[in-house]
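Below you'll find the structure, written out as structure tokens, and then a few comments.
The values are calculated or read from the model by the stated rules, or taken from the named source; none is laboratory data. Predicted, not measured: the structure shown is a model, and the values here were computed from it. Cβ atoms come from the backbone with ideal geometry, glycine included; neighbour counts cover every protein chain shown. Keep in mind that these areas ignore ligands, DNA and RNA; they rest on the heavy atoms of the full protein, side chains included. Shrake-Rupley method; radii C 1.70, N 1.55, O 1.52, S 1.80 Å.
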Amino acid sequence: SGFAAGPVATLIPDIFLRPAPGGGWDIELNPDTLPRLIEDRAYAARLSAGGREARAFGAECRAGASWLRRSLDQRARSILKVAAEIVRHQDRFFAEGIAGLRPLTLRMVAEATGLHESTASRVTANKYISTGRGIFELKLFFTNAIGGEGMAAESVRHRIRAMIDAEAPAHI
């Protein structure tokens with residue numbers, strides 16, 4: 001605290017991942033990070049009791065709110081779809097850690113979920129998942145393949161780091 005000037009930002013995960021009782025994983029959206037749409041019923045009642053213009057305005061507002069509600073629901077479903085595909089593909093990561101990371105691209109997730117690649121990219125941008133291993137940004141799970149074995153680049157970097165850390169400083 002003597003070196004930091006401002007408050008520390010806390011990461012709030014958008015998705016929770018827990019082991020399922022029968023094996024596999026339970027994926028759940030964090031309700032605290034989802035946008036909320038609140039309707040002022042008293043204001044809506046005043047509009048309904050008003051003149052023709054007020055009622056028309058109220059109907060327009062209700063239609064807009066209904067559209068927004070559907071859009072938010074679609075957004076939540078897209079986040080869950082993409083997260084489920086990432087978890088399905090990176091299952092070994094959750095069991096073994098970074099060494100179990102497999103190559104995965106946005107295109108692979110988009111094809112598996114039926115979403116456009118740009119949609120999958122927006123869905124994963126600035127989103128975090130809470131797992132038994134910690135909180136990770138969804139972008140961590142997207143890594144290119146290296147070599148003929150199809151190893152993930154991040155997994156290879158982790159192995160190299162482990163090898164270097166294991167070396168005795170006097171015998172490098």
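For the chain, which longest stretch is free of loop sites, where a loop site is one of the trypsin sites (Lys or Arg not before Pro) that DSSP puts outside H, G, I, E and B and that has at most 14 other Cβ atoms within 10 Å? Segment 37-132 is the longest. Under conditions of 37 °C and 0.692 mPa s, the range 1-62 yields 197 µm² s⁻¹ as its translational diffusion coefficient, taking Rh as the Kirkwood radius over Cα pairs in the Stokes-Einstein equation. For HIS158, HIS171, the ranking by accessible surface with the largest value first comes to HIS171, HIS158, using a 1.4 Å probe.
In terms of accessible area, using a 1.4 Å probe and ignoring ligands and nucleic acids, LEU34, LEU115 rank largest first as LEU34, LEU115. For SER78, the solvent-accessible surface with a 1.4 Å probe is about 10 Å², rounded to the nearest 10. Summary: within the chain, the longest segment free of GluC sites (Glu not before Pro) located in DSSP loops with at most 16 other C-beta atoms within 10 Å is 40-148.
Identify which of the listed values of Rg/Rh (Cα atoms, Kirkwood Rh) was calculated from the structure shown: (1) 1.11; (2) 1.16; (3) 1.02. Of the listed options (1) 1.11; (2) 1.16; (3) 1.02, (2) comes from this structure. Normalised per residue, the accessible area of the chain is 67 Å², obtained with a 1.4 Å probe and no contribution from ligands, DNA or RNA. Taking GLY51, GLY114, GLY100 in turn, the Gaussian network model of the chain (Cα-Cα springs below 10 Å) assigns the largest fluctuation to GLY51. Nonpolar atom fraction for the chain, defined as the carbon and sulfur part of the 1.4 Å probe accessible area, stands at 56 percent. Here the Gaussian network model covers the chain, with springs between Cα atoms less than 10 Å apart; of ALA83, ALA152, ALA20, ALA20 fluctuates the most.
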